[in-house]
Amino acid sequence: MKALFSLALTAIIATPAAADFRPKARDFSTPANPPIVQAQASGGFEAWKADFRRRAIAAGISPKVFDIAFQGVRPNEQVHRLAAKQPEFTKPIWEYLDSAVSSDRINNGRQSYRNNRQLVESIEKTYGVEASVVVAVWGMETNYGTYRGNIGTIESLATLAYTGSRKSFGEEQLMAALKILQNGDVHPSQMKGSWAGAMGHTQFIPTSYLSYAQDFNRDGRRDVWSTDPTDALASTAAYLKRFGWRHGQPWGVEVRLPQGFNYANVDQDLKRPVSRWTELGVRGLDGRPVPNHGEAALLAPAGARGPIFMIFNNFNVIKRYNNATSYAMGVGHLAARINGAPDFSAGWPRGDRALSRTEKLELQRHLNARGFSVGSPDGKIGPLTIGAIRNYQRSQGLTADGYASATLLQRIRSQ
């Protein structure tokens, strides 16, 4: 499906006012479809289910809803395997964007926009989120609805809640999923999505669904699962609006930095007025000051050798949907390309490659050993590691962009 699923959606569970089972003229007598891959139920799972049933009923879930929702549910080996998998290798940003904003995805996005023009422009008018952005999220999440996930949500979340390192997440989302069923928004057999419980055209997790899903077509149900994307696209716009989307503001603009620029200023968390960046010599690609779209930060996702961006509030709003820089860039750039904007001007350092997790750990150990502290090595390039890389680069007379490259690792290995 997609490289990054929407685990980072953050929301407070909105508890339905009514605790009774209200199917809204929907028959829940049909059992859920069998899972793709199942593990045999163990006594441990049955004991966990009995305990969770007790807690769910105490939280207001009717016994009938719970028992129908769990009919045939067993720990799913596919979910367990994916949850336990910690990738050793990650794609460099340019390879991620090659896929996320491919020519096919751009063309399909333009076609999806045309096919749903009245809907997405009505959503834009209602929520103040550009239609192209809503379509871009749709494209990033499920390739415009062509793959919405086919694992039963109750089964995937029960598996996460029962075993592994995501138990707390699994239980919270499972309780929310049961509330959705109790509200009657979807039949249990139709409640499907990703292995992590993200559902529908734009991959809402259950807690976010409860808080932000919209009944935009006013049919009495907030339906993000069917072939009709109406409610899902409106729900996405409502979510982005809730977290501060500003209509007319770009996610970011590509810029050029003056020679000798201090890369300590290139930090997503260092926000300044555009006028201050102008004073420091930052310019748009046309050589003119960047228009004032509000406070901004600078982003160099591939270090000094790749494109540089001035990013605004809307970039951080996209990250509320999926907390990854690559994802936010993908959505923002795809939306721009759907609108006819060109590709980035500066090239990527395609001769380089992303470090594996093992290599990141090695780099961190080398930095610590040379007095450039990263704290406890964890294989993640966070602020401490970026700062340590910058200090090491300065000590070597290099551009201190803080970028963890294979070239940098080779250099520090050889010393």
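Every number here is computed from the coordinates shown, using simple stated rules; none is lab data. None of the values given here were measured: they were computed from a predicted structure. All Cβ positions, glycine included, derive from the backbone under ideal geometry; neighbour counts span all protein chains shown.
Which links in K319/K360; K167/K319; K241/K319 stretch past 22 Å when you go from one Cα to the other?
Working: K319/K360 24 Å; K167/K319 24 Å; K241/K319 13 Å.
Long pairs (Cα-Cα over 22 Å): K319/K360; K167/K319.
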What is the distance in Å between the Cα centroid of the range 243-306 and that of the range 48-86? 47
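Looking at the chain, identify the longest residue range that excludes and avoids all GluC sites (Glu not before Pro) in DSSP loops having at most 16 other Cβ atoms within 10 Å. Spell out each step's value before the answer.
Values: sites that count: E88, E295.
Result, exposed sites excluded: 89-294.
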Which of the aspartates and glutamates could be linked to K91 by a straight reach, that is with a Cα gap under 18 Å, when you skip same-chain ones fewer than 8 residues away? E141, D352, E359
Ranked from fewest to most other Cβ atoms within 10 Å of their own Cβ, I106, I151 fall in the order I106, I151
Histogram of C-alpha separations across the chain, 20 Å bin width, %: 25, 51, 23, 1
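Restricting to Cα pairs below 8 Å that are 6+ residues apart, what does the relative contact order work out to for the chain? Please round to a whole percent.
About 18 percent, as a whole number.
Send over the Kirkwood Rh of the range 168-291, from the inverse of the averaged 1/r over different Cα pairs, rounded to one decimal Å.
17.7
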